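Single-structure report; data block below.
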Amino acid sequence: MLRESYLACERGILGALAMAVFLVAWEGLARGWWADLLQPALGTAANVLRIRPIFLASPSAIAEMAFQMYFVTGEIWPHLGLSAFEFVVGFLIAASIGIPLGLVAGRYRLLSYAVEPLLAALNATPQVALLPLVVLWMGTGLPARIFIIVLLMIVPILINSHAAVRTIDPKWLRLARSFSASEWRLFRTIVLPAAVPFLLAGVRLAIGRGMIGIVVGEIYGSAVGVGVMINQAGSTFQTTRVFVGILTIVVAGLVLSEVVRRIERRVEVWRPSTSADS
Amino acid sequence: MSAPMSMGLSKARPMPSVRLSERAQRQLVGAGTVVALLLLWEGVVASGLVDPLYISSPSRILRVAIDQFGSGAIWPDIRVSSIEFLVGYVAAILVGIPLGLMIGWSRRLNYLLGPFIDILNAVPRVTFLPLLILWFGIGMNSKFAVVFMGAVIPIVIATHAGVRANEARFIRVARSFSASEWKIMTAIILPGTVPFLFAGLKYGAGRALLGVVVGEIYASTAGVGHMIVEAGNLFDTDTVFFGVLLFMAAGVAVTTILNRIERHFDAWRPRGLAQ
Amino acid sequence: MTIKLEAHRIGLEYGDPESDGRLVALNDVSLSIHENEFVSIVGPSGCGKTTFLSIVDGLIRATAGQILLGGTPVSEPGPDRAVVFQDSSLLPWRTVLGNVVFGLECIGVRPSEARERAAHYIEMVGLRGFENRYSYQLSGGMQQRVNLARALVMDPQILLMDEPFAALDAQTRELMQEELLNIWQASGKTVLFITHQIDEAIFLSDRVIVFSARPGRVKESVDIELDRPRSLKLKRDPRFHAYEDRIWSLIQEEEKPRAKAAG
């Protein structure tokens with residue numbers, strides 16, 4: 001017990017330490033601490049270590065700006081709200097099309113053969129290359145952004161739900177048939193439970209791609225959205241605001257992946273854990 | 001599920017000659033679907049149901065391809081995009097594999113670097129484009145950076161996972177034969193990571209390609225992505241599709257090459273279970 | 001006869017993460033093995049016989065006592081000892097030949113010489129023609145032959161065998177036992193053999209050492225006075241059964257109190 005908790009502590013301590021060193025080093029670069037410190041030794045060459053605020057915002061400035069934008073002016077919330085809305089709607093559409101389509105395509109052999117090359121091609125293509133087309137079709141508003149997110153998210157969902165059915169151990173299907181289960185019962189009692197881990201893995205991948213979708217879909221936008229905010233701040237050299245935007249996406253990404261991990265852990269209790277926890 | 005020994009393969013059960021083999025069926029149905037969809041696309045446009053301004057058509061795209069390759073106009077863009085991809089991706093491999101091995105080997109190094117990797121993994125690296133452009137300009141340097149950042153994270157994570165999945169019994173064997181740390185690294189750890197490593201390399205290649213595309217769409221002066229944006233601005237749908245197809249071809253080519261290399265390193269895994 | 005291996009009052013204890021106490025795995029184990037002798041250790045499961053083998057190999061350091069090999073103390077793995085591990089310890093990404101030369105590579109033998117020496121032992125274990133197979137292409141018995149060749153090629157002073165046939169089916173196991181005896185007789189090695197199969201221990205050994213339940217100690221050493229060369233027919237000999245009964249009851253004495261404690 002003692003040893004275990006020590007090891008758990010060691011991870012936290014070393015991680016926090018590294019993060020602290022990184023932040024201090026960064027702060028020092030932005031504020032010219034290191035330049036001042038090394039001036040006597042290096043002379044003017046030390047000024048390489050003094051980075052202008054246009055290129056690098058200091059962590060303290062970012063924190064202050066984040067506090068302002070979140071809790072004083074509150075200006076980030078509309079951006080965050082709209083991006084979250086795009087993400088959720090995009091996910092719901094991608095899942096409600098991708099999962100049934102993938103499962104059905106996986107269930108029937110010929111259908112599966114028909115969709116395999118399409119899935120492979122779709123998977124090999126960076127779908128964001130379609131962005132100019134999407135803009136042509138739908139403009140740069142909300143529908144176009146959601147479309148891009150759906151386009152990105154649906155690929156891993158389709159591929160994984162298709163693979164989920166294709167890789168079911170035939171002995172389980174034989175088992176169900178020998179109990180003369182109907183196709184619907186077979187689907188509900190065998191196919192779906194066996195598919196869940198794959199589906200979740202697909203969802204996990206889709207979430208990462210959905211975040212890409214937010215950022216890419218908002219490249220052309222000009223009003224609201226976290227991506228829009230980052231782009232506008234970037235093109236007007238408001239580096240601190242760029243960092244606040246990136247920080248927002250980092251936090252959102254961490255929260256989302258933690259949520260998926262929790263769900264996965266809950267759903268997969270019947271499976272022996274593959275990663276040793278010891 | 002027992003893996004067939006190579007001698008046993010000749011005893012495969014004979015197929016009735018009238019029925020197509022499973023493999024042939026698969027290829028026939030797959031190719032048939034693709035051809036049917038292309039014909040449908042062409043037909044919809046030819047019948048005037050949809051304006052080709054919106055969805056182009058296979059024949060129009062083919063014409064653009066012939067034009068572009070015939071005149072050689074496309075090569076400078078392909079060259080720029082390829083360099084961006086290769087430089088960033090190769091740098092990601094050169095950094096990612098050793099880094100993954102190191103954090104897999106040293107628990108403390110993993111604790112130190114883990115948070116940074118987790119954070120970078122949770123955020124799409126293309127988010128950093130505005131910063132990268134600020135730092136490195138709109139030329140190829142910013143693309144190298146975004147391609148590198150995109151690819152390096154999955155490669156590190158996959159290599160790390162491969163090292164962790166290494167079975168203790170093999171290391172025990174090596175220690176018993178008084179293997180040096182270097183020998184354990186090269187003869188035990190590294191080969192054991194191969195399946196993980198290639199998964200990471202393929203995933204990383206996808207992210208690298210994404211970096212090229214988004215980086216060029218975001219801000220650039222050349223490259224296939226740049227060509228797509230320009231064509232989009234001129235409502236030249238045919239050229240947009242041509243560009244998308246080039247990226248698709250690049251994706252397929254990279255995946256195929258990696259699969260080939262993987263098969264070479266992977267001869268020791270039972271066929272059929274390898275996929 | 002000269003003494004090849006001597007274990008002098010070996011003890012091993014370590015902190016028990018579950019009870020915060022100390023766990024004694026081995027207590028005061030002393031034994032010696034003569035040159036060319038074939039000795040087996042049997043004992044109830046969890047008695048520390050495999051741990052003892054790892055101490056002899058040098059993978060685990062004893063907390064008390066000393067191992068002497070040919071008179072020199074042993075503290076870490078070395079080419080003077082070679083282990084035949086339990087099943088599936090072959091490196092799956094290496095061929096038969098690659099596995100057999102692995103130990104030689106580790107001690108810096110030139111590749112050409114290593115291959116030559118390996119070929120000799122691959123032939124000895126009857127795997128000629130299978131040099132380029134990967135382990136997934138071999139049966140369990142064949143895999144253990146490779147395992148044996150990998151140890152023999154090191155030309156060790158003592159061969160340490162850690163339940164090498166445990167995962168094989170009954171028929172293959174008996175064939176491998178007979179074959180091991182042939183190879184042992186041809187090579188003239190000293191062997192320390194760990195097993196939980198009483199008949200296997202008797203059939204192979206000059207002497208069977210019975211370990212007590214945890215903490216492992218030497219409970220008794222039984223000399224097996226059966227003629228060599230031995231064939232599998234011996235297993236139906238009444239003298240063989242007598243040995244089996246005797247060793248079986250020695251182990252039962254150890255198992256019984258534990259069964260009671262558990263019940």
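The values are calculated or read from the model by the stated rules, or taken from the named source; none is laboratory data. Owing to the predicted nature of the structure, the values given are computational and were not obtained by experimental measurement. Methodologically, a virtual Cβ is constructed for each residue, glycine included, from the backbone with ideal geometry; neighbour enumeration extends over all protein chains shown.
Which count do you get for residues in segment B:196-236 that are out of contact with any helix residue (DSSP H, G or I) (no Cβ under 6 Å at 6 or more places or on another chain) and without any contact (Cβ under 8 Å) to a residue 24 or more places away in the chain?
Adding up the residues that qualify gives 4.
Using the structure shown, decide if B:Phe198 is of a type in the set (Phe, Trp, Tyr) and more than 9 Å from every other protein chain (Cβ to nearest Cβ). Steps first, please.
On the way: of a type in the set (Phe, Trp, Tyr): yes; more than 9 Å from every other protein chain (Cβ to nearest Cβ): yes.
So B:Phe198 fits the description; yes.
Exactly one condition in (1) among the aromatic types (Phe, Trp, Tyr); (2) buried (at least 17 other Cβ atoms within 10 Å of the Cβ); (3) within 14 Å of another protein chain (Cβ to nearest Cβ) is not met by C:Phe38; state its number.
Unmet for C:Phe38, out of (1) among the aromatic types (Phe, Trp, Tyr); (2) buried (at least 17 other Cβ atoms within 10 Å of the Cβ); (3) within 14 Å of another protein chain (Cβ to nearest Cβ): (3).
From B:Gly225, B:Gly251, B:Gly215, B:Gly200, which residue is surrounded by 21 or more Cβ atoms within 10 Å (Cβ to Cβ) and in contact with an Asp or Glu (Cβ under 6 Å, 6 or more places away or on another chain)? Explain how you work it out, then say what you get.
On the way: B:Gly251 fails: in contact with an Asp or Glu (Cβ under 6 Å, 6 or more places away or on another chain); B:Gly215 fails: in contact with an Asp or Glu (Cβ under 6 Å, 6 or more places away or on another chain); B:Gly200 fails: in contact with an Asp or Glu (Cβ under 6 Å, 6 or more places away or on another chain).
Answer to the selection: B:Gly225.
Does A:Ile148 qualify as being buried (at least 22 other Cβ atoms within 10 Å of the Cβ) and within 14 Å of another protein chain (Cβ to nearest Cβ)? Talk me through it step by step, then tell me what you get.
On the way: buried (at least 22 other Cβ atoms within 10 Å of the Cβ): yes; within 14 Å of another protein chain (Cβ to nearest Cβ): yes.
Answer is yes for this residue.
Against the condition within 14 Å of chain B (Cβ to nearest Cβ), surrounded by 19 or more Cβ atoms within 10 Å (Cβ to Cβ), over 13 Å from the mean Cα position of the chain (by Cα) and more than 15 Å from C:Arg81 (Cβ to Cβ), how does C:Ala167 come out, does it pass? Talk me through it step by step, then tell me what you get.
Details: within 14 Å of chain B (Cβ to nearest Cβ): yes; surrounded by 19 or more Cβ atoms within 10 Å (Cβ to Cβ): no; over 13 Å from the mean Cα position of the chain (by Cα): yes; more than 15 Å from C:Arg81 (Cβ to Cβ): yes.
No, not satisfied.
Select from segment A:216-236 the residues that are under 18 Å from the mean Cα position of the chain (by Cα), within 7 Å of another protein chain (Cβ to nearest Cβ) and over 17 Å from B:Gly211 (Cα atoms) and list them in ascending order. Give the steps one after another, and end with the answer.
Within segment A:216-236, the subset under 18 Å from the mean Cα position of the chain (by Cα) is A:216-219, A:225-228, A:230.
After this cut, where a residue has to be within 7 Å of another protein chain (Cβ to nearest Cβ) as well, the list is A:216, A:219, A:230.
Within segment A:216-236, just A:Ile230 meets the criteria.
Is there a residue being away from every other protein chain (no Cβ under 14 Å), surrounded by fewer than 17 Cβ atoms within 10 Å (Cβ to Cβ) and either in contact with a Leu (Cβ under 6 Å, 6 or more places away or on another chain) or not in a strand (DSSP E or B) (or both) anywhere in segment C:48-56? Quick ask: steps written out before the conclusion?
From segment C:48-56, those away from every other protein chain (no Cβ under 14 Å) are C:48-49, C:52; that's our starting set.
Within this subset, residues satisfying the condition of being surrounded by fewer than 17 Cβ atoms within 10 Å (Cβ to Cβ) are none.
Looking for residues that are away from every other protein chain (no Cβ under 14 Å), surrounded by fewer than 17 Cβ atoms within 10 Å (Cβ to Cβ) and either in contact with a Leu (Cβ under 6 Å, 6 or more places away or on another chain) or not in a strand (DSSP E or B) (or both), one finds none in segment C:48-56, hence no.
Under 9 Å between Cβ atoms, at least 6 apart or on separate chains: pull out the pairs that start in segment B:56-74 with a residue that is surrounded by fewer than 13 Cβ atoms within 10 Å (Cβ to Cβ) and end on any residue that is in a helix (DSSP H, G or I) and not aromatic (Phe, Trp, Tyr).
From segment B:56-74, the pairs are B:Ala73/B:Asp67.
Would you mind listing the helices (runs of 4 or more DSSP H) fully within segment C:156-263 where at least 1 residues are hydrophobic (A, V, I, L, M, F, W, C) and more than 30 Å from B:Val173 (Cβ to Cβ)?
C:238-262
Results for (1) crowded, with 23+ Cβ neighbours inside 10 Å; (2) within 13 Å of chain A (Cβ to nearest Cβ); (3) over 21 Å from the mean Cα position of the chain (by Cα); (4) without any contact (Cβ under 8 Å) to a residue 60 or more places away in the chain, shown as yes or no for each residue.
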| position | (1), (2), (3), (4) |
| --- | --- |
| B:Asp118 | no, yes, yes, yes |
| B:Asn121 | no, yes, no, yes |
| B:Thr127 | yes, yes, no, yes |
| B:Phe136 | no, yes, yes, yes |
| B:Val146 | yes, yes, no, no |
| B:Gly150 | yes, yes, no, no |
| B:Thr159 | yes, no, no, no |
| B:Ala165 | no, yes, yes, yes |
| B:Val194 | no, no, no, no |
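If you go through segment C:129-149 one residue at a time, do you hit one that is surrounded by 20 or more Cβ atoms within 10 Å (Cβ to Cβ), modelled with pLDDT under 90 and not acidic (Asp, Glu)?
Within segment C:129-149 (the criterion being surrounded by 20 or more Cβ atoms within 10 Å (Cβ to Cβ), modelled with pLDDT under 90 and not acidic (Asp, Glu)), the answer is yes, since at least one residue qualifies.
Pick out the one residue from B:Phe247, B:Phe242 that is touching a residue at least 60 places away in the same chain (Cβ under 8 Å) and assigned by TED's automatic domain parsing to the domain that holds B:Ile157. Quick ask: steps written out before the conclusion?
Values: B:Phe247 fails: touching a residue at least 60 places away in the same chain (Cβ under 8 Å).
Being touching a residue at least 60 places away in the same chain (Cβ under 8 Å) and assigned by TED's automatic domain parsing to the domain that holds B:Ile157 holds for just one of B:Phe247, B:Phe242, which is B:Phe242.
Any residue in segment A:186-199 that is in contact (Cβ under 8 Å) with a residue 40 or more places away in the chain, buried (at least 24 other Cβ atoms within 10 Å of the Cβ) and within 14 Å of chain B (Cβ to nearest Cβ)?
no
For the structure I just gave you, tell me whether A:Leu103 is at the interface with chain B (Cβ under 10 Å from one of its Cβ atoms), buried (at least 17 other Cβ atoms within 10 Å of the Cβ) and assigned to a helix (DSSP H, G or I).
Numbers: at the interface with chain B (Cβ under 10 Å from one of its Cβ atoms): no; buried (at least 17 other Cβ atoms within 10 Å of the Cβ): yes; assigned to a helix (DSSP H, G or I): yes.
Taking the combined requirement at face value, the residue does not satisfy it.
Within segment C:65-98, which residues are small (Gly, Ala, Ser) and either assigned to a loop (DSSP other than H, G, I, E, B) or modelled with pLDDT under 90 (or both)? Spell out the reasoning first.
Let us first name the residues in segment C:65-98 that are small (Gly, Ala, Ser), namely C:65, C:70-71, C:75, C:78, C:82, C:88-89, C:98.
Once the filter is applied, which keeps residues that are small (Gly, Ala, Ser) and either assigned to a loop (DSSP other than H, G, I, E, B) or modelled with pLDDT under 90 (or both), segment C:65-98 yields C:Gly70, C:Gly71, C:Ser75, C:Gly78, C:Ser88, C:Ser89.
Could you figure out which of (1) closer than 19 Å to C:Ile3 by Cβ; (2) more than 10 Å from chain B (Cβ to nearest Cβ) isn't true of C:Thr63?
Of (1) closer than 19 Å to C:Ile3 by Cβ; (2) more than 10 Å from chain B (Cβ to nearest Cβ), only one is false for C:Thr63: (1).
Looking only at helices (runs of 4 or more DSSP H) that fall completely inside segment A:108-202, which ones have 2 or more residues that are hydroxyl-bearing (Ser, Thr, Tyr)?
Of the helices (runs of 4 or more DSSP H) lying wholly inside segment A:108-202, those with at least 2 residues that are hydroxyl-bearing (Ser, Thr, Tyr) span A:109-124.
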